[in-house]
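To start, the structure under review is shown below, and the notes come after it.
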Amino acid sequence: MALNWLNRPYIRICLSVLAFFIVAALGVLAISWQTSQGLRRDTAASLAQSVRLVDMTLNNASTAADSVQHLVGQDCDQDVIQALRWEVARVPNVRTVNLYRGDTIYCTSLFGKKIDYVSTDKYAGETLLLMSGNPVTPGHPLIAYRRDIKGNGILIGVDGYFLHNILELLSTHAYLILQVGDQWMDSKGKIHQGEGWPDGTRMALASARYPYNMRLVIRNSDQWRYVFDYATVSLVLFPLVSIFIAFMTYMLLGRVGSPISTLKDALAKKQFVPFLQPVVDGTNHRLTGGEVLMRWQHPQSGLIPPYQFIPLAEESGLIVPMTRLMMAQVRDQFGPVAAQLPDNFHFGFNICAGHFKDLTLVEDCKAFLHAFKDKPVLLVLELTERELIESSEITHSLFSALRRMGVLIAMDDFGTGHSSLTYLQKFHIDILKIDQSFIGRIGTDALAGHIVDNVIDLAKRLQMVIVAEGIETQEQIDYLTPFHLDYFQGYFFGKPVPVTEFMEKWLQR
Ligand SMILES: Nc1nc2c(ncn2[C@@H]2O[C@H](COP(=O)(O)O[C@H]3[C@@H](O)[C@H](n4cnc5c(=O)[nH]c(N)nc54)O[C@@H]3COP(=O)(O)O)[C@@H](O)[C@H]2O)c(=O)[nH]1
C-alpha cells in the first residue's frame, strides 16, 4: 500500500522528531504569547499604580503648600518659621518647607532665616525638580515641589525615599523609572540625566496632575523571569507533551498500513522468495527432488519464517499470487540449469485449498513444466490435510486437468487432520507424506510407531508413493528402512536453503 513507506525506521524517527519540534515550538509560542500578554497587563497595572502613588506623595506636598500659601511674601519671623516647621511635622513625606522671593530663598523650616539661591528655571513645568541630595543630606535623593505666586512662592522638599520605594516595589518584572524633565530616578533611588535607560519594550504614563512621567522598560531578562515565575507548569508540561507526542507518532507510524496491505506491498516488491529442502531416495539417500518453502526476505526484519505470514496470506487470499510467484521464481531459476538436475527430479509446492478453485493453477503448472521441456521434471502439488478442499465441479475438473498434464498430488501432514480418509476417497492422491510429528516420536513413543506402521500399510495397499518427512536421526532412518519407503525428507539430509545454495550443494556440475 502507498502509505507503507511511512513505517520505515528512518521515516518514523524523522517524523517523530518533527512532531516533537512542532509541539515544542507550539508550546514555546503559546507560553511566550501567554506570558507576554500577562507581562504587559501586569506592567501596565504597575505603571498606573506607580503614578497613583507618586501623585499621592506629591499631593502631600501640595497640601503643605496650601497651608502655608498665606505666608508667601511675609517676613521670616518666628511665627512664620514655626508655621513652616509645623507643616514638616504634620504632613507625611514632607522634609522641608521654604519660602522664596524671586530667585532667593529667605525662610526655611530647617534653618529659619537663610538666604540661598534658587534656580527656578530648572523646574519641570515650573513645579518639580529631581535632586540627588541637598547640603543637609547629600546623596539622599529628593524631589522639590514649587508653587509660584507672582514671582514669590513656596519650595517643598519631598523625601525621595518614598519615591524610590514605590519604584522598587513595582518594578518586579520591569525597569521602572520616575522621569521629571530630563532627569530620572531608578528603583535604587539613583538620579540620572538624559536618556540611558536599558533596551527593551517601553511604556510610559504621564501624571494628569503633575509634570512627570512614569516610564517602564521590559527587558529580555524580565520576560524570562516572568516565564519562570508564572509559567513553571507549562515549562515542565510542554516538553513532556512533546516527548509523548513524538513517542506516539513513532508507535503509530509503525502500524501504518494494515498487515494485509503490508503483505501486498511485499508481494509487489517480490520479497517472497523460495527456499528448497532436499528430498532423497528412501534406499540410496540420493537427491530425488526438493520441496519449495516460502520465506519473506524483509528489507529491515531479515528472513521471516512462513508461520508468521502464511496464515494471514491464506486468510486474505494473497497466498494464491504468492504461490504463483514461488512457481515463477523456481521455474525461472532452475529452467536454465535443468540439465544438472537428476533424472525425474520433482519439485514440490505447498498449495492451499483456496488455490484449487483458481484455474490459473493449471496455466501456471503448464508454464512450469514447459520450462523444463528439454529435461522434464515432476511437479508435485502438496495439499495440507489441515485445510479442506471443497468437492465441487470446479475442483474435480481442475484435478482432472492437472492429472492429464502429469502433475502429482501429495497429501501433506498426513495423520494430523480429521479428513485423511475422506480425502483419499474423494480425490486421486499420488503421494502421502507422513507428518513429521509421528516421525519425531519414533523410538520414544510406542503409539507413534504404531501410527507410522499403519499409515505405511494403508498407503502401500492404496499403491501410493510414501514420503517420511522430518527425519532428523539415524535411529529414525534405521526404523524406517525395513519399510522400503520411497522418499525421505528432513534436517538429517538437509535444511531448506536459498535456491543458489541448493544448486551449489546438490546439483551436478
Ligand atoms: N501454502 C504454502 N505454505 C507454505 C509454503 N512454504 C511453507 N509453508 C507452510 O509453512 C509451514 C512451515 O514451513 P517451514 O517453516 O519452511 O518448515 C518446513 C521445514 O523446514 C520443516 N522441516 C522439514 N524437515 C524437518 C525436520 O527434520 N525437523 C523439523 N523440525 N522441521 C523440518 O517442515 C516444514 C515442511 O513441512 P511440510 O510443508 O509439511 O512438508 C509448512 O509446513 C507449510 O505449511 C508455501 O510456499 N505455500
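Some notes on this structure:
- Contact annotation: no residue pair with Cβ atoms under 7 Å, 6 or more positions apart or on different chains, pairs a residue in region 424-443 that is touching a residue at least 60 places away in the same chain (Cβ under 8 Å) and more than 13 Å from Thr384 (Cα to Cα) with a partner that is within 11 Å of the ligand (Cβ to nearest atom) and hydrophobic (A, V, I, L, M, F, W, C).
- Within region 258-270, residues that are at positive phi reach partners that are assigned to a helix (DSSP H, G or I) with beta carbons closer than 7 Å, at six or more positions or on different chains, in the pairs Lys270/Leu325.
- Looking across region 488-509, the residues that are in contact (Cβ under 8 Å) with a residue 40 or more places away in the chain and either over 56 Å from the mean Cα position of the chain (by Cα) or assigned to a loop (DSSP other than H, G, I, E, B) (or both) come down to Gly490, Phe493, Gly494, Lys495, Pro496, Leu507, Gln508, Arg509.
- Hits in region 8-48 - residues which are loosely packed, with under 15 Cβ neighbours inside 10 Å and within 30 Å of Gly160 (Cα to Cα): Arg40, Arg41, Ala44, Ala45, Ala48
- Here Leu240, Leu252 are screened, and the one residue that is within 30 Å of Arg8 (Cα to Cα), surrounded by 14 or more Cβ atoms within 10 Å (Cβ to Cβ) and without any contact (Cβ under 8 Å) to a residue 24 or more places away in the chain is Leu252.
- Scanning region 77-95 for residues that are surrounded by fewer than 16 Cβ atoms within 10 Å (Cβ to Cβ) and in a loop (DSSP other than H, G, I, E, B), we see that the one that is modelled with the highest pLDDT is Asp77.
Table: residues versus (1) touching a strand residue (DSSP E or B) at 6+ places or on another chain (Cβ under 8 Å); (2) among the β-branched types (Val, Ile, Thr).
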residue	(1), (2)
Ala19	no, no
Val28	no, yes
Ser50	yes, no
Asn60	yes, no
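- The set of residues from region 283-300 being surrounded by fewer than 21 Cβ atoms within 10 Å (Cβ to Cβ), closer than 24 Å to Leu383 by Cβ and away from the ligand (no atom under 11 Å from the Cβ) comprises just one member, Leu287.
Matching residues to (1) at pLDDT 95 or above; (2) surrounded by 14 or more Cβ atoms within 10 Å (Cβ to Cβ):
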residue	(1), (2)
Ile166	no, yes
Met185	no, yes
Gly200	no, yes
Arg209	yes, no
Phe228	no, no
Pro259	no, no
Ala266	no, yes
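- Ala144 being buried (at least 20 other Cβ atoms within 10 Å of the Cβ) and assigned to a helix (DSSP H, G or I): no
- Filtering region 489-509 to residues that are in contact with a Gly (Cβ under 7 Å, 6 or more places away or on another chain) and near the ligand (Cβ under 10 Å from one of its atoms) leaves only Gly490.
- Of the residues in region 314-329, not one is touching a strand residue (DSSP E or B) at 6+ places or on another chain (Cβ under 9 Å) and surrounded by fewer than 14 Cβ atoms within 10 Å (Cβ to Cβ).
- Qualifying residue in region 434-442 (condition: of a type in the set (Val, Ile, Thr) and farther than 22 Å from His285 by Cβ): no
The values are calculated or read from the model by the stated rules, or taken from the named source; none is laboratory data. None of the values given here were measured: they were computed from a predicted structure. Cβ: placed from backbone, ideal geometry, glycine included. Neighbour counts: every protein chain shown.
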